[in-house]
Number of protein chains: 2
Amino acid sequence: MKRRSFLQLLAVIAAKSQAKTTNFIGGEHKLNQRSIVVDTSKSPKSKLKAIPINAVKLQDHFWLPRLVDLQEITLPTQYQIMEETGRIDNFRYAAGKTKNSQGLRFLAPDSDVYKWVEAAAWSLAVKPDPKVYKLMNLVVDEIASAQDEDGYIHTFFTFDRKKERWTNLRDMHELYCAGHLFQAAVAHHRVTGEDKLLKVATRFADLIDKVFGWGKKEVTDGHPEVEMALIELYRETGERRYLELAKFFLDVRGHGRVGGSHYIQDHKPFRELEEITGHAVRALYLNAGAADLYAETGDETLMVALEKMWKNLTERRIYITGGCGARYEGEAFGRDYELPNERAYAETCAAIANILWQWRMFLLTGEIRFIDVLERSLFNGALSGIGLDGKSYFYVNPLADRGYHRRQPYFECACCPPNIARLLPMIPSFLYALSDDAIFVNLYAESLANLNFKGVPVTIVQRGNYPWDGEMELQVQSEKAAKFALKIRIPQWCSKATVSFDGQAIEVEGGNYAVVERDWSQGGKVQLSLEVTAKYVLCHPFVESSAGRVAIERGPLVYCLEQVDNPEVDVWCVGVKTERPLEAFEKVIVNLPVIALEGEGVGFDLKEWDGVLYRPLRQMEKRFRKIRFRAVPYFSWANRDAGAMTVWLMRL
Amino acid sequence: MKRRSFLQLLAVIAAKSQAKTTNFIGGEHKLNQRSIVVDTSKSPKSKLKAIPINAVKLQDHFWLPRLVDLQEITLPTQYQIMEETGRIDNFRYAAGKTKNSQGLRFLAPDSDVYKWVEAAAWSLAVKPDPKVYKLMNLVVDEIASAQDEDGYIHTFFTFDRKKERWTNLRDMHELYCAGHLFQAAVAHHRVTGEDKLLKVATRFADLIDKVFGWGKKEVTDGHPEVEMALIELYRETGERRYLELAKFFLDVRGHGRVGGSHYIQDHKPFRELEEITGHAVRALYLNAGAADLYAETGDETLMVALEKMWKNLTERRIYITGGCGARYEGEAFGRDYELPNERAYAETCAAIANILWQWRMFLLTGEIRFIDVLERSLFNGALSGIGLDGKSYFYVNPLADRGYHRRQPYFECACCPPNIARLLPMIPSFLYALSDDAIFVNLYAESLANLNFKGVPVTIVQRGNYPWDGEMELQVQSEKAAKFALKIRIPQWCSKATVSFDGQAIEVEGGNYAVVERDWSQGGKVQLSLEVTAKYVLCHPFVESSAGRVAIERGPLVYCLEQVDNPEVDVWCVGVKTERPLEAFEKVIVNLPVIALEGEGVGFDLKEWDGVLYRPLRQMEKRFRKIRFRAVPYFSWANRDAGAMTVWLMRL
């Protein structure tokens, strides 16, 4: 491959993105200004308020191309697959429009459709797009007409199967799908201002409220999700019954009424949980719901459990990629320090669920640690879930592979593809958050933000080439007098950061906020210098699968060795020389310019191990040869030729 | 502890053992000369014939003390526990002698009793002992009187439960227990010449033959064992129906008739098996049975499957300790290269089962590789199953532990303790084997052997201090003219060996036989010098749990770091400097003089990892301190203060 200048390449990408962005502006529909993903603006216990997606206009080379592809490629291809697999037909069938029920499956295909609508809606807050808008509303129409007269909606339990409704809460995902419907409806309403889907949602929520509750059906769903969805529905409609219902669904759990297993977090009441266990997406969605409930109720017993689980997750059960869920069996969290690499589950949805939970914890507390975890999951374990083509996906995100794990256009099980699609357009809203006296700068990306600090318009321009480079410029300007602190996140991964303002430079340690407080009506420019250098990382010695090995990080990105970049040696047969420096170089992976790394080590032929499981070190050392290896960002792997990959490297 | 001279200590042990041995000689009962564990003397397809246990008189410091303890401590304490737990009462209950049925359990407590009888019988071939003999025959009497008139015997299915006999072959272990009865009976008969238990066995075998077979009950037991037992019963009685029955039990398996799961090797016909899967003891017992069947029938399709499974086991699924079974779940083999250390299952019984299988494969072929694997399992994964006190046991043998895994006096589940008890007295018979033209020297231990080479008495005296030292002297003398090859095993672990004979010294590579052929009536002395030095060992890079880490071996022994020997650093926080030598030193563990090792490395405080899962290497390196660590033989671990242990060590 002929090497082009990195900046040249980035400029090409940017121009392409910009051109497309321009085309979208001025679509036929009006944009509502309340495109807030988690609306804590009236939540009594939330220290921070989230900003709307459309308050931030991305202009960067990392996320913007993804968001362009989202509307150009991801949403259309996902729609097509939903048609091909009968997921939309299921709604037509339920509405009596077709006799074809081939798409029906007992699990949760409806949720794919809802997540897709949510993704489409949020994407319109990023950029108006008439085609996406039209398609989204066609799907909304199909959903609406599938609703029963009593408000029930789940395409599997129609006609003859009506009598089976609510009979197997543990496995049938009726409330789980309801939750995704509610989230889609809230997104649709917030972005478009239209209430068609919101009405569907509230009719169903009202039915659920009639059926479930203390003295009514005292049981909940095997798959958490409805809790956070109901609270957002409460926030959007003001209907307090939905909040109460969410509380009921949390309180009724943990008494063995849905099977009693760890797998579905029914083994203990939520407030007694100390470890994060069971199915990872379930556990993290439940925690997100509990965080929302805390935001509204201030029930401290919820926070106690959430903090214990956060500690357990971050200190013992999360992958370096921010991936969650060690076990194939049950798509579940493992024991403490059980973090296998090749057999990692680390479902894309679990990384997304973790982001949704961390974001809520951050809004509740304003504590930087939650964004540190969010950023890790976002740039690595979640982003790896979607291919650079914008239309191929990972359900499972292992940290080592022999070349068999490849991206797929969709999965039989309703899941990750529309989930990553709904996550991507949320990203602009993660960049900032507001408190009573501060604007929090959480994530970095070249962008223009139009914020509203207590009624005063504030613009923040970010310039820089994050995450490839740590030099960021923040230009802040309030329209009129407004004193507030700019709380600039110095990421925990950053060992050294310099913040320059007004001719003064201060050093700040990673994991802290650099605070610049003043009246911003005069404007101000903050120069941020985060040390982005490649480094080797060790894991806790109890993590058997990786103990004594090293991973590579650079900025927020975790790196891996892919076979395609290392023709001279099997990447599983590399031992690094950690005393030698890692050198950065520019590279294009498919269509994406990245900073790749080159390092030094020894390697051996895999053939040396033919028919042998254990060999004397001295014997092997004679067969070591000096090599140079190349590493690429983990999120970008498996976009080229199939081959071995590994995150954790031996030291030989 | 005051350090005494190693040789002094060994001398004390030896004197003690010798004294006891002398006391035993001249017991009240006669010893049969046919104490052969696997009697292939008439098996058409067996290249080798096993020798009787009592042909070898151990005089060494490693095994002999174990065999002394076996009769002094192990067998009596196990008997006591069998009484306390009602295992013997079960037989009395079945015989109508008592109404007490507290000991009854649905699984296989009967098999513990049978295994104990087998252990006692073989032990009498090592050393006559009137107390053991008397106790054994008392137990035999209890067994005999529990037999039903039709020959049935399994204490759970008595009285009201008679009608449930043979109704749940998958789970109820009726044929498994029968197998252990047959093995006990064969051992009892071979050693004592008495036929009381053999009659019980044949009556039951005759009943089983009436009930099971093509056109009769076409099903088998969920737990293999009866196959090899029936073939030994056939060898002992000459009754060909037992051989046919063993063949039937093998052929009927693998067609889903006992559940169809991998777990019980019922997913595929035996001859189609390519990987070793499922419950480890079941899989290895089945293979031992199939090897016996091959010995008698020469059915090559059996050998094809056995060879494939052997390759799969030894190249991908066995621990460095010779332990078998990676998974807690199902006590089972895992996938290829799935060899977790802390969660290793590596059941003591599975290592024993592996020894039983490897021994049979060796007898069939005369190939050294089977003894190499046998020796690894024997000195490490099996021997670790019994404490140095001779009365505490491991069911599970992990390769890493945090100090929670401790030896127990017995297990609720019938299993390992009497299995290790029956293995130990077999060891003398493993030292040699005979072919038409050679005597194979398999294992080393100071001893006197009286062999019979085609009717000519041959004595072999072994002198040396194996496994601590690799200098062995073999003095061979035939009573009259006898030309044969002495095939001296150079263990695969040995990188360099010198064999000196008749003033000539040759170097032989590990994994080969040194062959000395001549007429031995003149006598001859072979000087064997095996390089026994401590070395670091790597594992295949696909073994995620240990890749890039090193283990320590010295001779046939695998070493581990125990916390009790390393007060200055948590043994899980040690990184070794493999370029520095490992120094041997003498040490006594409880009552056992061993060669321990000391090496150099770096260590860090576990506290450095409080609340952190991943840390930059550079940051940690500042906290490394130089340390010296001490390692002890793996088999000897967990006999002193509880604490962390690890076999695989980081390199930092």
**Fill in**
By residue number, the members of region B:311-331 that are among the hydrophobic types (A, V, I, L, M, F, W, C) and in contact with a helix residue (DSSP H, G or I) (Cβ under 6 Å, 6 or more places away or on another chain) are B:Cys324
**Asked** Would you pick out the residues in region B:511-537 that are surrounded by fewer than 16 Cβ atoms within 10 Å (Cβ to Cβ) and among the hydrophobic types (A, V, I, L, M, F, W, C)?
**Response** B:Val515
**Fill in**
B:Glu586 meets each of (1) within 14 Å of chain A (Cβ to nearest Cβ); (2) open to solvent by 50 Å² or more (accessible area, probe 1.4 Å) with one exception, condition (1)
**Prompt:** Which of the residues belonging to region B:344-355 are away from chain A (no Cβ under 12 Å) and either open to solvent by 10 Å² or more (accessible area, probe 1.4 Å) or touching a strand residue (DSSP E or B) at 6+ places or on another chain (Cβ under 9 Å) (or both)?
**Reply:** B:Tyr345, B:Ala346, B:Glu347, B:Thr348, B:Ala350, B:Ala351, B:Ala353, B:Asn354
**Asked** Has region A:284-307 got at least one residue that is open to solvent by 10 Å² or more (accessible area, probe 1.4 Å) and modelled with pLDDT under 95?
**Response** no
**Prompt:** Restricting attention to region A:54-106, which residues are open to solvent by 40 Å² or more (accessible area, probe 1.4 Å) and in contact with a Gly (Cβ under 7 Å, 6 or more places away or on another chain)?
**Reply:** A:Ile73, A:Gln102
**Prompt:** Restricting the search to region B:587-620, which residues are acidic (Asp, Glu) and farther than 18 Å from A:Ser546 by Cβ?
**Reply:** B:Glu598, B:Glu600, B:Asp605, B:Asp610
**Prompt:** Name the residues in region A:388-417 that are of a type outside the set (Lys, Arg), within 16 Å of A:Gly643 (Cα to Cα) and in a loop (DSSP other than H, G, I, E, B), would you?
**Reply:** A:Phe394, A:Asn397, A:Pro398, A:Leu399, A:Gly403, A:Tyr404, A:His405
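Results for (1) at pLDDT below 95; (2) more than 29 Å from B:Tyr634 (Cα to Cα); (3) assigned to a loop (DSSP other than H, G, I, E, B), shown as yes or no for each residue.
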site: B:Gln475; (1), (2), (3): no, yes, no
site: B:Phe484; (1), (2), (3): no, yes, no
site: B:Ile488; (1), (2), (3): no, no, no
site: B:Gln492; (1), (2), (3): no, no, yes
site: B:Thr498; (1), (2), (3): no, no, no
site: B:Glu507; (1), (2), (3): no, yes, no
**Options B:Asn312, B:Asn341: the member that is open to solvent by less than 20 Å² (accessible area, probe 1.4 Å) and more than 10 Å from chain A (Cβ to nearest Cβ)** = B:Asn312
**Item:** Flag for A:Tyr263 being part of a helix (DSSP H, G or I), away from chain B (no Cβ under 14 Å) and at pLDDT below 95
**Value:** yes
**Asked** When the residues of region B:315-338 are filtered to those that are within 11 Å of chain A (Cβ to nearest Cβ) and assigned to a strand (DSSP E or B), which remaining residue is farthest from the chain's Cα centre (by Cα)?
**Response** B:Arg327
**Complete:** If we take region A:66-168, then helices (runs of 4 or more DSSP H) inside it with 2 or more residues that are farther than 23 Å from A:His189 by Cβ and either in contact (Cβ under 8 Å) with a residue 40 or more places away in the chain or among the small types (Gly, Ala, Ser) (or both) are A:75-84, A:87-94
**Which numbered condition A:Trp572 fails, given (1) open to solvent by 40 Å² or more (accessible area, probe 1.4 Å); (2) touching a Leu at 6+ places or on another chain (Cβ under 9 Å); (3) within 14 Å of chain B (Cβ to nearest Cβ)** = (1)
**Request:** Being within 12 Å of chain B (Cβ to nearest Cβ) and either under 21 Å from B:Arg580 (Cβ atoms) or open to solvent by less than 40 Å² (accessible area, probe 1.4 Å) (or both) is the filter here, so list the residues in region A:597-611 that pass it.
**Result:** A:Gly601, A:Val602, A:Gly603, A:Phe604, A:Trp609
**Message:** Would you confirm whether or not region B:234-251 contains a residue that is more than 26 Å from B:Ser43 (Cα to Cα) and either modelled with pLDDT under 95 or not hydroxyl-bearing (Ser, Thr, Tyr) (or both)?
**Reply:** no
**Prompt:** Taking region A:626-650, which residues are more than 14 Å from chain B (Cβ to nearest Cβ) and part of a helix (DSSP H, G or I)?
**Reply:** A:Phe635, A:Ser636
**Item:** Residues that are open to solvent by 10 Å² or more (accessible area, probe 1.4 Å) and in contact with a helix residue (DSSP H, G or I) (Cβ under 7 Å, 6 or more places away or on another chain), drawn from region A:201-222
**Value:** A:Thr202, A:Asp209, A:Trp214, A:Lys217, A:Val219
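Residue-wise test of (1) among the hydrophobic types (A, V, I, L, M, F, W, C); (2) under 27 Å from A:Val126 (Cα atoms).
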position: A:Ala185; (1), (2): yes, yes
position: A:Arg190; (1), (2): no, yes
position: A:Leu197; (1), (2): yes, yes
position: A:Asp221; (1), (2): no, no
position: A:Leu230; (1), (2): yes, yes
**Complete:** Being without any contact (Cβ under 8 Å) to a residue 24 or more places away in the chain, part of a loop (DSSP other than H, G, I, E, B) and either within 12 Å of chain B (Cβ to nearest Cβ) or open to solvent by less than 30 Å² (accessible area, probe 1.4 Å) (or both) narrows A:Arg615, A:Arg623, A:Arg580 down to just A:Arg623
**Item:** Test for A:Thr348: is it within 28 Å of B:Arg615 (Cβ to Cβ), in contact with a Gly (Cβ under 9 Å, 6 or more places away or on another chain) and touching a residue at least 60 places away in the same chain (Cβ under 8 Å)
**Value:** yes
**Asked** Could we say that B:Glu553 is more than 11 Å from chain A (Cβ to nearest Cβ), of a type outside the set (Lys, Arg), surrounded by 17 or more Cβ atoms within 10 Å (Cβ to Cβ) and in contact (Cβ under 8 Å) with a residue 24 or more places away in the chain here?
**Response** no
**Message:** Let me spell it out: the conditions are (1) open to solvent by less than 30 Å² (accessible area, probe 1.4 Å); (2) more than 12 Å from chain B (Cβ to nearest Cβ); (3) within 30 Å of B:Ala551 (Cβ to Cβ); (4) touching a helix residue (DSSP H, G or I) at 6+ places or on another chain (Cβ under 9 Å), and A:Asn566 meets all of them except one. Which number is the exception?
**Reply:** (4)
**Prompt:** So which residues in region B:158-172 are more than 31 Å from the chain's Cα centre (by Cα) and closer than 22 Å to B:Pro224 by Cα, if there are any at all?
**Reply:** B:Glu164, B:Arg165, B:Thr167
**Item:** Matching entry among B:Ile386, B:Ile368 (being among the aliphatic types (A, V, I, L, M), open to solvent by 10 Å² or more (accessible area, probe 1.4 Å) and touching a strand residue (DSSP E or B) at 6+ places or on another chain (Cβ under 7 Å))
**Value:** B:Ile368
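The values are calculated or read from the model by the stated rules, or taken from the named source; none is laboratory data. Predicted, not measured: the structure shown is a model, and the values here were computed from it. All Cβ positions, glycine included, derive from the backbone under ideal geometry; neighbour counts span all protein chains shown. SASA here: full protein model, heavy atoms, side chains in, ligands and nucleic acids out. Shrake-Rupley method; radii C 1.70, N 1.55, O 1.52, S 1.80 Å.
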